[in-house]
Amino acid sequence: MFSGRAKSPESSGVVPLGSAARGFSGVVVGVGVASNDGGLQAGELERRLLEIGFVEGARVEILHEGAIGRDPIAVRLDDMRVALRRREANAVMVQADAGEAAYLTAAE
Amino acid sequence: MSLDLGETLESPSSPATDSVATPPPPTSATPTAIPRIALVGTPNCGKTALFNALTGARQKVANYAGVTVERKEGPVVAADGWRGRVVDLPGTYSLRARSPDEAVTRDVVLGRFAGEAEPDVIICVADATNLRLVLRLALELKSVGRPMVLALNMFDIAERQGWRIDVERLSRELGVPVVTTVATRKRGMETLLDAVRGLAVRPIEAHAWREPTSTELRVAHREAERIRKACVTQPTQPDTLTGRLDSVLLHPIAGSAILLTVLFLMFQAVFTWAQPVMDLIKAGFDHLATLVAQVMPEGVLRSLITDGVISGVGSVLVFLPQILILFLFIILLEDFGYMARAAFLMDKVMGGAGLHGRAFIPLLSSFACAIPGIMGARVIDSKRDRLTTILVAPLMTCSARIPVYTLIISAFIPNKTVWGFVNLQGLVMFGLYGAGIVSALLVGFIIRKLFWRGASEPFIMELPAYKLPDAKNVIMGVLTRAKIFLRRAGTVILSMMILIWFLSSVPGKPAGAVGPAIDYSFAGMIGHFIEPVLRPIGFNWQIAVALIPGMAAREVSVAALGTVYAVAGGAEAVGPLGNALHNQWSMPTALAFLAWFIFAPQCASTFGVVKRETNSWAWPTAMFAYMMALAYLAAFAAFHIAKASGL
């Protein structure tokens, strides 16, 4: 399902949150990018993510990963904590902090 | 979303103080004029604690008409006698409802829930340490146009952690009165009520509401964020306790080990602590039945009271201790903030079977009894996930199956060691439990694939900060569960028990007849009638008859077998039931009987609760049908495989 190798970090450092590894920290730059196999309409997922606080400009940091397949993930979202599956997290685009690029590949 | 600041800028202080100065005299409050106050807030904001602090123990818990969402309401009385009615609405991040619970919140707030009076004032409850999302909710609520107060709850914790909140500025920015409260210590309640009273006299200018688009949500977030930055200063030293606890409790290995330990303790408690009380309840009801039997003349009425009502109520009440202990643990874990972590740890495992991470605890509870498990499925937001969980919950091996399993195992499975160290009887018991778990996961998977294809609910959940549970709120929560269970036991379940008694004892045994009385009853007739259907799975007519009263509860089948065999077999069957069965049944029949009980829908109470929880007879019927089909297939397979292998 999820693979850290699937998305190699682009030069800009913008990646889907679902593909980042534990320790990643960055800023949300886009919400609502359609997830590939999601059951929800993209618009509905976008609004749910917005309602729980995934909004452009919010700071994110991946704190924990599930034991099996490193899914779901627990993230610090500004000053709260949110758990979500990587599939849903893929709809959140994040810009890695400077010097954080190593974590993107640390996924595998 | 229209923020409409112009209209409300004058509101925060002046009307509130005005009305505080001239409170309506208590005598003028007629029942129709009692203002209705609705509590709205995000999950984990301490809303229930605030509700408890306002209403005390006088709250009423029921369901909303037509939906299985809990409706909690209670009266509130101010120090000077002013009265109001408070309704606690399900927690939500948005009026855009995602679950049946949230739809209730939306419809009540908008005043369009049929049969519910419109709220006069809304109290928006906020966790003062976590204002980010609730400020956006507050803006959305305000746009509805109803008078609103913002209660900054858990204000003591916020102060201790070093949060600085400019309450006056916040009130000015939002255009609503803002009150600080500490619900667990009942602090700020009078101030909150004063603010509510100031607003209750204002005419409601309800606006039309429609779902905000994603663009409007972003705009509202920016506005909420601007207000938060203007009014709230974060602590210089943020609270790290939650982070430190999470690094252990969410650790892939340590976290899973701790979860297993917690569950192990929970089930130890459910089985060992509850047992003495359960024995006491059972003995008490037996004693009561004996007493009644002594004072009443023999006849149908006595039989109805002793065998129908008393033993019927007793067989349900006996589960009360287990339910109380289970809910004590569930509420403690929920209030501590651990439940969301358990869901996080188990989501992948549950997700493989098409279930939500939150389904884990209800399914686990079902090992004690499916009834609290099905009631506990309310923690799952999505309707589909909730239904799947309810449908598979009775497949978990509940404690009522234990008497059946132990009887058959001790009578038929040799007490010997296999593979050098494994006790064969224990292995069979383990296999029966395992079969229940595997089949529940498989059925969940099939339901998801067959009926709700593609529509997979997302798993997005706030992980709340850890908090010490408040003893009073925990006790009130457990008592509420007990009340709900007792009310059900007193209505749906009791009437089913009486129906089963009726089938098992009417018509009575004719004078001079031989054989057990049950053989002449409707249950006996049904048993003989269905016996040909059960013959292919190795069941004789005695089993068929015993299965009818066994619908009351699985362990009743054991007692019914005793009745059928003890009398029918005459003097030589008076010994222990196990011996009687050993002499009368073949090994394939015994194994088929065990396989039957893994799946068989032999519990009227479960269907009563499913009917209550799903608000329809369609789901209990579907559940009965699929469980019956599985039971028949499993017993058929067990009987014929055992026969073919010469057992």
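Bear in mind these aren't lab numbers, they're just calculated from the coordinates by the rules spelled out. Predicted, not measured: the structure shown is a model, and the values here were computed from it. A quick note on method: Cβ atoms are made from the backbone with ideal geometry, for glycine too, and the neighbour counts reach across all protein chains shown.
With the alpha-carbon atoms as the only input, what is the per residue convex hull volume for segment B:500-644 in Å³? Working shown, then result.
Values: hull volume 15.1 nm³, N = 145.
It is 104 Å³ per residue.
Loop-only check: which trypsin sites (Lys or Arg not before Pro) in segment B:360-416 are DSSP coil with at most 12 other Cβ within 10 angstrom? Walk me through the intermediate numbers first.
Details: sites: B:ARG378, B:LYS383, B:ARG384, B:ARG386, B:ARG401, B:LYS416; in loops: B:LYS416.
Answer by residue number: B:LYS416.
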Exercise. Using a Förster distance of 35 Å, how high is the FRET efficiency between B:ARG83 and B:LEU288, based on the Cβ-Cβ distance and rounded to 0.05?
Worked result: 0.25
For this session: Rounded to whole Å and sorted largest first, list the principal axis extents of the Cα atoms in the protein assembly as shown.
Result: 91, 73, 40
For this session: Any chance you could run the full-extension gain for B:LYS416 through B:LEU479? It's 0.36 nm times the residue separation minus the Cα-Cα distance, nm to one decimal.
Result: 18.1 nm
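Evaluate the charge dipole of the protein assembly as shown about its Cα centre and quote only its size in Debye, nearest 20, assuming +1 on the Cβ of each Lys and Arg and -1 on the Cβ of each Asp and Glu.
Numbers: 70 positive and 62 negative charges, 166 e Å.
About 800 debye.
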Exercise. For chain B, what is the relative contact order in percent, using Cα pairs closer than 8 Å and at least 6 residues apart in sequence?
Worked result: 11
For this session: Using label points projected 7 Å from each Cα along Cα→Cβ, tell me how many nm separate B:GLU190 and B:GLN237, to one decimal.
Result: 3.5
For this session: Using +1 at the Cβ of each Lys and Arg and -1 at the Cβ of each Asp and Glu in the protein assembly as shown, identify which of A:ASN90, B:MET476, B:TYR626 lies farthest towards the dipole's positive end.
Result: B:TYR626
For this session: First measure r as the distance between the Cβ atoms of A:ALA98 and B:ALA254, then evaluate 1/(1 + (r/R0)^6) with R0 = 35 Å and state the FRET efficiency to the nearest 0.05.
Result: 0.60
For this session: Over all directions, average the projected area of the Cα convex hull of segment B:210-300 and note it in nm².
Result: 16.5
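What does the net charge come to around B:ILE500 if you take all other residues with beta carbon closer than 14 Å to its beta carbon, with K and R at +1 and D and E at -1? Can you show the working numbers first?
Details: positive: B:ARG554; negative: B:ASP307, B:GLU555.
For residues surrounding B:ILE500, the net value is -1.
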For this session: First obtain the Kirkwood hydrodynamic radius of segment B:142-236 from its Cα pairs, then insert it into the Stokes-Einstein equation at 20 °C and 1.002 mPa s, and state the resulting D in µm² per second as a whole number.
Result: 143
For this session: Treating cross-link reach as a plain straight distance, find the aspartates and glutamates whose alpha-carbon is under 18 Å from the alpha-carbon of B:LYS509, omitting any fewer than eight places away in the same chain.
Result: B:GLU298, B:ASP307, B:ASP519
Exercise. For the pair B:ASP156 and B:LYS60, how long in nm is the line joining their label points, each one 7 Å along Cα→Cβ?
Worked result: 3.2
Exercise. For the peptides B:288-296, B:90-98, B:274-282, B:219-227, what is the packing order when you average, over each peptide's residues, the other Cβ atoms within 10 Å and list the highest mean first?
Worked result: B:90-98, B:219-227, B:274-282, B:288-296
Exercise. Once a ≥ b ≥ c are taken as the square roots of the eigenvalues of the Cα gyration tensor of segment B:5-233, is the result rounded (a/c under 1.5), prolate (a/b larger than b/c) or oblate (a/b not larger than b/c)?
Worked result: rounded
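Considering every residue in A:51-58, what mean count of other chain Cβ atoms within 10 Å of its Cβ is obtained?
Numbers: counts 16, 7, 6, 2, 9, 3, 4, 3.
Other-chain Cβ atoms within 10 Å of each residue's Cβ, averaged: 6.
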Exercise. Taking the Cα centre of chain B as origin and charging only Cβ (+1 Lys, Arg; -1 Asp, Glu), how large is the dipole, in debye to the nearest 20?
Worked result: 620
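Here is the link list: B:LYS60/B:LYS467; B:LYS229/B:LYS472; B:LYS186/B:LYS483; B:LYS47/B:LYS449; B:LYS282/B:LYS467. Which ones come out longer than 30 Å on Cα distance? Don't skip to the end; give the middle numbers.
Values: B:LYS60/B:LYS467 27 Å; B:LYS229/B:LYS472 35 Å; B:LYS186/B:LYS483 24 Å; B:LYS47/B:LYS449 37 Å; B:LYS282/B:LYS467 38 Å.
Violating the 30 Å limit, Cα to Cα: B:LYS229/B:LYS472; B:LYS47/B:LYS449; B:LYS282/B:LYS467.
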Problem set entry | Cα shape, chain B, gyration tensor, a/c 1.5 rule | prolate
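May I ask for the percentage of alpha-carbon pairs in segment B:29-137 that lie more than 18 Å from each other? Walk me through the numbers on the way to the answer.
Details: 2839 of 5886 pairs.
For segment B:29-137, the fraction of Cα-Cα distances above 18 Å is 48 percent.
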Seminar exercise, completed: Per residue convex hull volume, Cα only, segment B:506-556, in Å³ is 78
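Other chains near B:244-251: what is the mean number of their Cβ atoms within 10 Å of each residue's Cβ? Let's see the in-between values first.
Numbers: counts 0, 0, 5, 2, 0, 1, 8, 2.
Averaged over the peptide's residues, the number is 2.
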